[in-house]
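The values are calculated or read from the model by the stated rules, or taken from the named source; none is laboratory data. The shown structure was predicted, so the numbers you read here are calculated from the model rather than taken from an experiment. Don't worry about glycine lacking a Cβ; one is built from the backbone with ideal geometry, like all the others, and counts go over all protein chains shown. When the accessible area is computed, the model is the full protein with side chains, heavy atoms only, and any ligands, DNA or RNA have been set aside. Shrake-Rupley method; radii C 1.70, N 1.55, O 1.52, S 1.80 Å.
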Amino acid sequence: MAVPILDLSRQHQPLAGRFKEAFDRILSSSHFILGPEVEAFERRLASYCQTTEAVGVSSGADALLVALMAMGIGPGDEVIVPTFTFFATAGAVARVGARAVFVDVDPQTFNIDPQRAAAAVTPRTKAMIPVHLFGQTAAMDPLLELARKHGLKVIEDEAQAVGAREKGRSAGSFGDVGCISFYPTKNLSAMGDGGACVTSDGQLAQRIRALRNHGQVGEYEHLYVGGNFRLDALQAAMLSIKLEGLEGGNAARRECAGRYDRLLAGLPLRTPVVAEGRHHVYHQYTIVVPADRREGLIAHLKAHQIGCKVFYPLPLHLQPCFAGLGGKKGDCPVSEELCRQVLSLPMFPGLRESEQEEVAGVIRKFFRG
Ligand SMILES: Cc1ncc(COP(=O)(O)O)c(C=O)c1O
């Protein structure tokens, strides 16, 4: 039985009628960029994320960029980021001309290690970007304490974790701003690119709103040098419909994760530890396998038509584009080892029990040799 790593059609098909209705409404309004559809979505998203404001933007990468711009971070500043994450977390720092300072992750949760983050603070450090990797919030208590101590801004990269919580508090509501991606594979996904910044800092939200639209504060009055980071009405309308199903979708992911945990028990592999009080939303279900078995397991899964993917094969401090920052092998051993060992399995709402049994059965067969 073939099992895809992701099948969006299972999520979209039951909603097709509502999507078409929204499309017709926007077609007849001819209001395609920003406007009432975007504003309505922003209100719903802010309420869902337990913040007072949400600002829809063009992508998750641009949400990070525009947040850094709104905080005035630029040349001469340092921003602490985990090295085990998607490129955009550090790419945004480089795009504003600041220096990304790469920090290793906790071997249990795969999220930024607060102690290593503390050791990376210098007088030039202006901000940190904890990433809620794979759907589990980073250790926000010690990170917020560190930020308070040194007067740092906190930008949460919650591209993979919209709906994640710690002790009831939502991802994106801990720091100064949360940055979300609506890339089609994400837990809350658009039908194209999209993103958002969520915050309860009204002034910051105002600057982000201006910056996403060429820094305009009135018609053709440009207070800042911004850019075109706007969200369009069609994406916002689709996102409003899908936001209604996000809690259910995340619950389905959590159920699938629990089932994988049971089905894979006893095999020579491990999964990230879910820290106390965390409501993990399993953007990915990731296993850690011995490095010398991973390529074999990938080939075996492929031969059985089971989707899988390595997130991520190379830590950011070793990426060629960041070579100028001086990172070298051995700087972040936990992340470097994880990059050799991790493998993500099929995970999406609508994944069937029989499919998970197939995935687990094929993995068991591999380890039985
Ligand atoms: C951790 C992380 N940060 C940032 C991004 C960037 O989001 P986007 O692809 O919407 O620009 C992504 C997703 O691709 C991501 O996974």
- [ ] Sort the following peptides by mean Cβ neighbour count (other Cβ atoms within 10 Å, averaged over residues), highest first: 20-28, 299-307, 275-283.
- [x] 275-283, 299-307, 20-28
Task: For the range 32-38, Karplus couplings with θ = phi - 60° (6.51, -1.76, 1.60), whole Hz, Gly/Pro x - done: 9, 10, 6, x, x, 5, 5
TODO: Among DSSP beta bridges whose residues both lie in the chain, state the antiparallel percentage, nearest 5.
DONE: 60 percent
Open item on the list: Restricting to bridges with both residues inside the range 139-284, how much of the DSSP beta-bridge set is antiparallel, in percent to the nearest 5?
Closed with: 80 percent
- [ ] Calculate what fraction, in whole %, of the accessible area of the chain sits on carbon and sulfur atoms when a 1.4 Å probe is rolled over the protein chains.
- [x] 52 percent
- [ ] Would you please report the Å³ per residue occupied by the convex hull of the alpha carbon atoms in the range 174-274?
- [x] 149 Å³
Open item on the list: If I model a spin label as a point 7 Å beyond the Cα along the Cα-Cβ vector, how far apart are those points for GLN206 and GLU221 in nm?
Closed with: 1.2 nm
TODO: Can you work out the accessible area per residue across the chain, with the rest of the protein chains kept in place, probe 1.4 Å, in square angstrom?
DONE: 42 Å²
Open item on the list: For the chain, what does the helix formula give at 222 nm: sum of -39500 (n - 2.57) over DSSP H segments with n ≥ 4, over the residue count, nearest 500 deg cm²/dmol?
Closed with: -12000 deg cm²/dmol
- [ ] Quick one: divide the alpha-carbon radius of gyration of the range 257-326 by 2.2 N^0.38 Å and tell me what you get.
- [x] 1.39
Task: Globularity ratio of the range 221-270, using Cα Rg and 2.2 N^0.38 Å - done: 2.10
Open item on the list: Run the numbers for LEU15 and LEU314: contour at 0.36 nm per residue of separation, minus the present Cα-Cα distance, in nm.
Closed with: 103.9 nm
Task: Backbone HN-Hα couplings from phi across the range 207-218 [Karplus 6.51/-1.76/1.60, Hz, Gly and Pro as x] - done: 5, 5, 4, 5, 4, 5, 10, 6, x, 6, 10, x
Open item on the list: Modelling each spin label as a point 7 Å along the Cα-to-Cβ direction, I'd like the ALA303/MET191 distance in nm, to one decimal.
Closed with: 4.1 nm
- [ ] Work the Kirkwood hydrodynamic radius out for the range 85-179: mean of 1/r over every pair of different alpha-carbon atoms, inverted, in Å.
- [x] 13.3 Å
TODO: Please state, as a whole number in µm²/s, the translational diffusion coefficient that the Stokes-Einstein equation yields for the range 46-100 at 20 °C and 1.002 mPa s, with Rh defined as the Kirkwood radius across alpha carbon pairs.
DONE: 178 µm²/s
TODO: Quick one: which residues, 5+ away or cross-chain, put their amide H under 5 Å from the amide H of ALA190? H built at 1.01 Å from N.
DONE: TYR183
TODO: Report, largest value first, the span of the C-alpha coordinates of the range 74-114 along each principal axis, in whole Å.
DONE: 34, 17, 8
Task: Quarter of Cα convex hull surface for the chain, i.e. mean projection, nm² - done: 18.5 nm²
Task: Pairs of Lys in the chain closer than 28 Å at Cα, counting only those 8 or more apart or on different chains - done: 21
Task: Per-selection metrics, the range 1-85 (Cα): Rg and Dmax in Å - done: 18.4, 54
TODO: Using every pair of alpha-carbon atoms in the range 147-202, split the distances into 5 Å bins beginning at 0 and state the percent of pairs per bin, rounded to integers.
DONE: 4, 20, 25, 22, 16, 8, 3, 1, 0
Open item on the list: Limiting things to C-alpha atoms, what are the Rg and the maximum Cα-Cα separation (Dmax) for the range 246-368, in angstroms?
Closed with: 15.9, 48
